[in-house]
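Asker: Provided herewith is a single structure, encoded as structure tokens, for subsequent inquiry.
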Amino acid sequence: MTSDFDSFVVARGRALLRFANVLCGNGHLAEDIVQEVLARIHPKWSRIEGMESPEAYVRKAIVREYLSWRRRRASTEVAVAQVPDRPDPRDPERALVDRGEMSALLSRLPRAQRAVLVLRFYDDLADEEIAEVLGCRSSTVRAHASRALAQLRSVLGGRGSGPGGPGAG
């Protein structure tokens, strides 16, 4: 049993950590959450690995742990006097900055709304699947997504609305 669990953690641990990092926007908190979840599921692994999708079960546990996490993190946002021009989007350095900006934007959202957006756009789950993960109805998922996207649009509204911008679509 332990070797199967160890193999799962070695094979999928980095992906689970990346998922948790996108979900909570804080590498240290992501590590804590993944560690907590893995410690909790280890004794039950023989039952979990027999499921249709053990990784989906673990991701669901990570989302639930994130939503119930009690610690509050300090804000890491930094105000700047002037927003720099956007360089070539294919630039790998720019991709890192974009991820940081997205993380800062997501950190403004309530936990349930953030979880819905991460599950929808990062994990590519349908509303019904998200509802199952969060333990709510699909209509609640859609409401969270709508509110979260509206809040993000309002924050991004001042950054321009050319083709492909916040006002597009």
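Asker: When you scan segment 104-136, how many residues do you find that are more than 18 Å from S53 (Cα to Cα), among the small types (G, A, S) and crowded, with 17+ Cβ neighbours inside 10 Å?
Answerer: 2
Here is a yes/no grid of residues against (1) among the polar types (S, T, N, Q); (2) at pLDDT 60 or above; (3) closer than 24 Å to R18 by Cβ:
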{"site": "A61", "(1), (2), (3)": "no, yes, yes"}
{"site": "R73", "(1), (2), (3)": "no, no, yes"}
{"site": "R86", "(1), (2), (3)": "no, no, no"}
{"site": "V97", "(1), (2), (3)": "no, no, yes"}
{"site": "L134", "(1), (2), (3)": "no, yes, yes"}
{"site": "S138", "(1), (2), (3)": "yes, yes, no"}
{"site": "H144", "(1), (2), (3)": "no, yes, yes"}
{"site": "S154", "(1), (2), (3)": "yes, yes, no"}
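Asker: Among the residues of segment 33-59, write down those that are within 20 Å of the chain's Cα centre (by Cα) and open to solvent by 50 Å² or more (accessible area, probe 1.4 Å). Don't jump to the end; show me each part of the working.
Answerer: Keep residues of segment 33-59 that are within 20 Å of the chain's Cα centre (by Cα), which gives 33-38, 53-59.
Correct list: Q35, E36, S53, A56, Y57.
The values are calculated or read from the model by the stated rules, or taken from the named source; none is laboratory data. Worth saying up front: this structure is predicted, and the values here are computed from it rather than measured. So basically every Cβ, Gly included, is an ideal-geometry build from the backbone, and we count neighbours across all protein chains shown. All accessible areas refer to the heavy atoms of the entire protein, side chains included, with ligands and DNA or RNA removed. Shrake-Rupley method; radii C 1.70, N 1.55, O 1.52, S 1.80 Å.
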